[in-house]
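Structure first, commentary second.
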Amino acid sequence: MSKKTLHNGHRARMRERYYSSEFLEFNNHEILEFLLFFGIPRRDTNEIAHKLINRFGSFSSVLEATIDELMECGLSQSAAVWVQTVYGLTNKYIYDKNRDDKSIDCVEELENRLMDLLSGETEEKVVLVMYNAKGMELFMGIISEEENNWTDKLYSKLGELSVRYHATTMIIAHNNPNGVAAPTENDIDNTMKIFNSLAKLGARLNDHYIIAGNELYSMVEDKNLRVIFS
């Protein structure tokens with residue numbers, strides 16, 4: 001049996017698994033393998049999927065990688081663009097589904113949406129919300145996971161998204177799956193760094209939320225820390 005026939009048979013079985021259960025029975029590397037079918041039509045994408053997750057650390061980090069980073073791992077430009085397209089569509093879906101002309105003044109609604117996104121997560125994630133000069137929401141989505149938290153890469157992404165969306169105001173939130181809804185010294189230090197880095201771009205950080213289980217903490221509501229945002 002030819003290698004092409006083996007690959008075609010494997011892809012057909014993967015499609016049948018998807019039709020019967022969507023991605024409920026897929027491991028993360030299998031989801032990535034399946035997505036790569038559409039960007040890499042004639043190669044075994046299982047090995048490539050494992051290589052990408054090993055390189056970037058997680059499924060979500062693969063989607064967040066730049067086109068150049070993906071190409072450094074052996075993907076063609078068109079395949080790398082496809083992976084970036086999936087990431088872009090995911091964020092667009094989240095934004096469009098939750099938008100409904102939401103403004104920065106809808107604090108309670110925002111907090112409920114952040115709880116929906118983060119309270120059930122078992123790994124630490126960072127959510128970014130951006131607004132324009134009129135206070136209307138431009139973007140809301142998960143931008144980082146645990147291994148990328150509070151790094152130069154995260155600061156760079158915040159700046160990149162600020163410029164891309166012409167945002168003037170931002171709110172960040174992260175979950176603490178194994179702890180409490182309260183900031184660590186590292187959280188406080190890095191919030192100040194983020195505030196200062198955004199200020200250089202003409203953007204403002206309005207709050208930093210921390211979520212643990214069903215509890216939500218707002219740094220700007222903490223009388224000892226709200227000075228960070230002044």
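Structure values in brief
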| quantity | calculated |
| --- | --- |
| SER156 being at pLDDT below 85 and surrounded by 20 or more Cβ atoms within 10 Å (Cβ to Cβ) | no |
| Where a residue in the range 29-53 is without any contact (Cβ under 8 Å) to a residue 24 or more places away in the chain and its partner, wherever it lies, is of a type in the set (Val, Ile, Thr) and part of a helix (DSSP H, G or I), with Cβ under 6 Å and at least six apart | GLU33/THR45; LEU52/VAL62 |
| Cross-chain or 6+ apart pairs with Cβ under 7 Å, the range 63-90 first and in the same structural domain as LEU36 (by TED's automatic domain parsing), then not in a helix (DSSP H, G or I) | SER78/GLY39; ALA79/GLY39; ALA79/ILE40; TRP82/PHE38; TRP82/GLY39; VAL83/GLY39 |
| Among the residues listed as ARG11, ARG15, the single one being out of contact with any strand residue (DSSP E or B) (no Cβ under 8 Å at 6 or more places or on another chain), over 30 Å from MET140 (Cα atoms) and surrounded by 15 or more Cβ atoms within 10 Å (Cβ to Cβ) | ARG11 |
| Residues of the range 43-91 classified as within 22 Å of THR122 (Cβ to Cβ) and among the polar types (S, T, N, Q), total | 6 |
| Residue that is at pLDDT below 90, in a helix (DSSP H, G or I) and assigned by TED's automatic domain parsing to the domain that holds LEU138, where the choices are GLU108, GLU47 | GLU108 |
| GLU22 vs. criteria surrounded by fewer than 15 Cβ atoms within 10 Å (Cβ to Cβ), in the same structural domain as TYR87 (by TED's automatic domain parsing) and out of contact with any Asp or Glu (no Cβ under 9 Å at 6 or more places or on another chain) | yes |
| ARG55 vs. criteria surrounded by 14 or more Cβ atoms within 10 Å (Cβ to Cβ) and out of contact with any helix residue (DSSP H, G or I) (no Cβ under 7 Å at 6 or more places or on another chain) | yes |
| Members of the range 168-181 that are out of contact with any Phe, Trp or Tyr (no Cβ under 6 Å at 6 or more places or on another chain) and modelled with pLDDT of 90 or more | THR168, MET170, ILE171, ILE172, HIS174, ASN175, ASN176, VAL180 |
| Of the criteria (1) without any contact (Cβ under 8 Å) to a residue 24 or more places away in the chain; (2) touching a Phe, Trp or Tyr at 6+ places or on another chain (Cβ under 6 Å); (3) within 26 Å of VAL62 (Cβ to Cβ), which one VAL220 fails | (3) |
| Test: residue in the range 117-131 that is at pLDDT 80 or above and assigned to a helix (DSSP H, G or I) | yes |
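The values are calculated or read from the model by the stated rules, or taken from the named source; none is laboratory data. Note that the structure is a prediction, hence the values are computed from the model and not measured. Note: ideal-geometry Cβ built from the backbone for every residue, glycine included; neighbour counts use all protein chains shown.
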